[in-house]
1. Mind running the shape call on segment 3-133? Use the C-alpha gyration tensor, a ≥ b ≥ c as the square roots of the eigenvalues: rounded below 1.5 for a/c, prolate if a/b tops b/c, oblate otherwise.
2. Describe numerically, in nm with one decimal, the distance between label points set 7 Å from Cα along Cα→Cβ at L115 and at L27.
3. Peptides 15-22, 92-99: what's the order by average Cβ count within 10 Å, highest mean first?
4. Quick check on segment 25-67: take the gyration tensor over C-alpha atoms, sort the square-rooted eigenvalues as a ≥ b ≥ c, and tell me if it's rounded (a/c under 1.5), prolate or oblate.
5. Run the helix sum for the chain: -39,500 (n - 2.57) per DSSP H stretch of 4+ residues, divided by residue count, reported at 222 nm to the nearest 500 deg cm²/dmol.
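None of the figures in this text is laboratory data; all of them are computed from the coordinates on show. Remember, predicted model here, so these are calculated numbers, not experimental data. Positions of Cβ are backbone-derived with ideal geometry, glycine not excepted, and every protein chain shown enters the neighbour counts.
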Amino acid sequence: MAVLALDHVNIRTADVPGTAAFFRDVLGLRAAPAPGVKTIEAACWIYDPADRPIIHIGPVRATYPSDGAHPFAAAHGGGAVHHVALECDDLAGMRERLAAGGHAYTLNDIPQIGLTQLFVAEANGILLELNFRG
């Protein structure tokens, strides 16, 4: 079992188009509507030069598969980073490791893109999205 890479950062904001414009216009990254959304104004993914969606931008009141177990509340003055996602391998090994450590997690499958996610909060309450492809 190994963490392979940082997958993406999710930002919840009251100004999705303005935040997307910064990454697109200031940093020169490609912006596109998030999967299942029609416009950047509703939700946006920002892509790196290798065409990986490294920044996900959504509205503050958006719902995510992890919200039932890990409700989101923006911290005053602390920004609005919702979670950190890590690309991983060995889904079965990770589930065993989490269970052995007594860590509750939420499983989410997205078969359309061959992705299984585990959402788990670490000891300080930071939500991690562990992504397993294939």
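1. On the way: a/c = 2.00, a/b = 1.48, b/c = 1.35.
Because a/c hits 1.5 or more and a/b exceeds b/c, segment 3-133 counts as prolate.
2. In this crude spin-label approximation the distance works out to 1.7 nm.
3. Details: 15-22: 17.0, 92-99: 13.5.
Going from most to least packed, we get 15-22, 92-99.
4. Taking the square roots of the gyration eigenvalues as a ≥ b ≥ c, segment 25-67 is prolate.
5. So the calculated ellipticity at 222 nm is -3000 deg cm²/dmol.
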